[in-house]
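Only one structure is covered here, and it is reproduced in the block below.
The values are calculated or read from the model by the stated rules, or taken from the named source; none is laboratory data. All of these numbers come straight from a predicted model, not from anything done at the bench. Quick reminder, even Gly has a Cβ in these numbers, built from the backbone with ideal geometry, and neighbours come from all protein chains shown. Heavy atoms of the whole protein, side chains included, go into the accessibility calculation; ligands, DNA and RNA do not. Shrake-Rupley method; radii C 1.70, N 1.55, O 1.52, S 1.80 Å.
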Amino acid sequence: MRLDIITCLPKLLESPFSDSILKRAITKGLVEVNIHDLRDYSTTKHRTTDDYAFGGGAGMVMMIEPIDRCISQLQSARKYDEVIYMTPDGELLDQSISNGLSLKKNMILLCGHYKGVDERVREHFITREISIGDYVLSGGELAAAVLADSIIRLIPGVLSDETSALTDSFQDGLLAPPVYTRPAEYKGWLVPEVLLSGNQAKIDQWRIEKSVERTQKRRPDLLKNQSE
Ligand code: 6GU
């Protein structure tokens, strides 16, 4: 997989890909992440990428020209499966969207800022718009990092067997069960007996029960969606 992330704040996207699982996925060559500074595609003396909104009102709007120049350059080199605009008014990200995107080959992620992008960018370049939740972030960068993380960890070979995505919360429509590690007793607080029993069938059964219990209590909406 190849991700091209377009942003006017490239520094914000350095650290998420410089550590842990994402870093290893890149080192292993399972994914290539390229960050593009939109200011490099500006045609103005001060490398501006935004301008005042026609019709007035507060907030700057991201200009179409630098975005066109950047996306067109990328698209002249290869075909992209998706050109995704990160925006709070996009489709709400969930596990099934991430699962689907993890099967794609090349994707462009455009990070929105200020009051958003000139609407013509959305009309002519964007194939999909994604939001990571019903709250407003200062820009699309952190959202792009969230989306990239949720996709990259699903690429075969990125996670080891022990950290397999198949046992994640949400992957089977349920929240994950509680987990424990040593010591088995701490300040008199005990690990559930069954986990120490060595009886794998019983342990699996317990985990399913706890998953269902936890989902019922915290996210009953997930159980409802499952029967739809
Ligand atoms: Cl993708 N961008 C911004 N700016 N805010 C958000 C978001 C995206 N998703 C949720 N809030």
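Residues that are touching a residue at least 60 places away in the same chain (Cβ under 8 Å) and within 8 Å of the ligand (Cβ to nearest atom) were ranked within region 129-141; the one that is surrounded by the most Cβ atoms within 10 Å (Cβ to Cβ) is Gly140. Residues of region 70-94 being surrounded by 15 or more Cβ atoms within 10 Å (Cβ to Cβ) and more than 16 Å from the ligand (Cβ to nearest atom), which ones? Hits for region 70-94 are Cys70, Ile71, Leu74, Gln75, Tyr80, Asp81. Candidates Ile97, Ile64, Ile71: the one that is under 14 Å from the mean Cα position of the chain (by Cα) and hydrophobic (A, V, I, L, M, F, W, C) is Ile97.
Of everything in region 29-56 that is open to solvent by less than 70 Å² (accessible area, probe 1.4 Å) and part of a helix (DSSP H, G or I), the residue that is farthest from Ile84 (Cα to Cα) is Tyr41. Would you confirm, using the coordinates I've provided, whether Gly116 is under 21 Å from His36 (Cα atoms), touching a residue at least 40 places away in the same chain (Cβ under 8 Å) and within 8 Å of the ligand (Cβ to nearest atom)? Answer is no for this residue. So is Ile152 open to solvent by 10 Å² or more (accessible area, probe 1.4 Å), in contact with a strand residue (DSSP E or B) (Cβ under 9 Å, 6 or more places away or on another chain) and at pLDDT 95 or above or not? Taking the combined requirement at face value, the residue does not satisfy it.
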